[in-house]
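One structure is given below, encoded as structure tokens.
The values are calculated or read from the model by the stated rules, or taken from the named source; none is laboratory data. No experiment lies behind these values; they were computed from the predicted model shown. Every residue, glycine as well, gets a Cβ built from its backbone with ideal geometry; the counts of neighbours run over all protein chains shown. Side chains are part of the model used for accessible areas, which takes the heavy atoms of the whole protein and leaves out ligands, DNA and RNA. Shrake-Rupley method; radii C 1.70, N 1.55, O 1.52, S 1.80 Å.
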Amino acid sequence: MAEASVNQQMMAGADGQGMVAVAPRQINPIDAVAQSRAVRHFSKLIGLAGAIAIGMVVVLWSAEPNFAPLFDNMSGKDAAQAADALMSRDIEFRLDAASGTLMVDQSRLSEARLLLASQGLAGGSQAGMEMLQEEQGLGTSQFMETARYRHALEAELVRSVESIHAVEKARVHLAIPEQSIFIRNRTRPSASVVVKLHPGRSLNDGQVEAIVQMIASSIPMLESTEVKVVDQFGRLLTDDEDKGMAQTTRQFDYTRRLEDSFVDRIINLLQPIIGQGNVNAQVAAQLDFSAVESTREAFDPERSVIRSEQIKEEENRSLSQALGIPGALSNQPPAAGTIEPAAVAGVDTAINEDIPSNQNRSATRNYEVDRVISHTSNPVGGIQRLSVAVIIDDKQVIADDGSISKTPYSDEEIARFVNLVQETIGYDANRGDSVSVINASFLEVAAPEIEAVPAWKSLLSEAWIGSAGLFYFCAPTVALVVAEEQ
């Protein structure tokens, strides 16, 4: 172990004649080790080794080619075929262990993509409607044409589903049966969708419904109830529960949103008056979700007008008609009669009175009656009744000395608050709405005290402090070992 003492030194006096003895100076052992020749030599070796290592890293990094992904979302089969094609052209590639992406030297990236495009492996995704642009053989059957079209349609739907941010990959299966010429024998098509989501992401109900509606709108006669969506864990994402229960869930969500809207309006109205955190409100809403449609046709008999009128009158006077009792006597002509002179003057009058007449009178009138047809559809989700409960804290009064005290609100002030709440919610007494405002003193909850952490504890939590302490304690030992070896 090195000695921590120094021999006495003689120094000349101020007059240049005498010598002054200097007392020996004590040196710290750690400083003695740090100033030793072995430690300085070891430090130089460490610095030289670090410089060589940094230089080697820089040289290797500059000499190593920069790799870039060839294509994203390539399947394992396409990646294997692409690797064979790259090896045939001596193009260096690597496989990313984390994502499985095929990495190619960036300087030959364009060449590799052109090579794969010539072999039909570009992009690594399924071909869509561009399959129909390919040349088909002269003997292609109708079955093959239908299968190619269906596969192209599925690929297009896959692209649409994968455009959603949370979906990594997707597959779409379509079941489109041949339709019969008879309507009653027709079978409805169906579809199923399998989605693979990115890690840590999920599809909400709105996104699942959007996928279902998009698939159903793309296929003729495909109803949304015949589309099922499944994730990579085998969970059914489409709503397969009872329609009545699903409708009830949506009604419950709508009711909660409406109640929260009323609560926010009440709090935003009273907070500037009472103070922030001094008011709390709850609203219970009863809604009517029954869908009622009625058609009514009413007639007003007092409001009628003549649209058209037709009157017909007929009168017939003739002797040519057969008169009397049917039989032989009535068909014989009458015998010749004698005319008395006294009756000559009234011959015409008697004849006219005896000639029978036939009269016919008819009238046709068409009336237009006032008619009212009304079709009424009651809105769904109408408010039947609102119950509002509001609690407010006591009023804070600041005294002249700056102290704060609480006093209850007066009845007039409570009545003002009740009127404000009623106007805010659209109070209707005919509906049976009720508003209750109560003044009470809120309990003051003390804020939790956070214990201050000393600076030396926060420094000990740092990782570099531990490394520095380890080096500080190990450095003297290393220096002594090196000195003993020399």
Margin query: Applying a 10 Å radius around every beta-carbon, put 196-204, 379-387, 179-187 in order of their mean neighbour count, most first.
Written below: 379-387, 196-204, 179-187
Notebook entry, point to check: Using alpha carbon coordinates only, what is the Rg to Rh ratio of the range 361-406, with Rh defined as the Kirkwood radius?
Noted result: 1.76
Note to self: For the pair E451/E314, report the inter-label distance in nm, with labels modelled 7 Å from Cα in the Cβ direction.
What the structure shows: 12.2
Notebook entry, point to check: If amide H atoms are built 1.01 Å from N in the plane of the peptide, which residues on other chains or at least 5 residues away come under 5 Å of the amide H of F67?
Noted result: Q106
Next item on the list: Express the carbon and sulfur contribution to the solvent-accessible surface of the range 220-310 as a percent, rounded to the nearest whole number, probe 1.4 angstrom.
Entry: 48
Notebook entry, point to check: Shape of the range 249-322 from its Cα gyration tensor (a ≥ b ≥ c, root eigenvalues): rounded if a/c is under 1.5, otherwise prolate when a/b > b/c, or oblate?
Noted result: prolate
Check: How far, in nm, would the chain grow between V418 and E293 when pulled straight, counting 0.36 nm per residue and subtracting the alpha carbon separation?
Finding: 41.3 nm
Checklist line | Low-density loop cleavage sites - GluC sites (Glu not before Pro) in the range 202-283, where at most 10 other Cβ are within 10 Å (DSSP) | finding: E241
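When a/c reaches 1.5 or more, the comparison of a/b and b/c decides; with that in mind, is the range 167-323 rounded, prolate or oblate per its Cα gyration tensor?
Verdict is oblate for the range 167-323.
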Margin query: Can you tell me the length gained on complete extension of the stretch R256 to S163, counting 0.36 nm per residue apart and subtracting the Cα distance?
Written below: 30.2 nm
Check: To the nearest 10 square angstrom, how much accessible area does M144 have with a 1.4 angstrom probe?
Finding: 90
Next item on the list: List, in order, the whole-Hz ³J(HN,Hα) value for each residue of the range 428-438 obtained from phi through the Karplus relation with A = 6.51, B = -1.76, C = 1.60 and θ = phi - 60°; use x for Gly and Pro.
Entry: 9, 5, 5, 7, x, 5, 9, 10, 10, 10, 10
Item checked: Under Karplus coefficients 6.51, -1.76 and 1.60, residue-wise ³J(HN,Hα) of the range 411-422 in Hz, glycine/proline x -> 5, 5, 5, 4, 4, 5, 4, 4, 5, 5, 5, 4
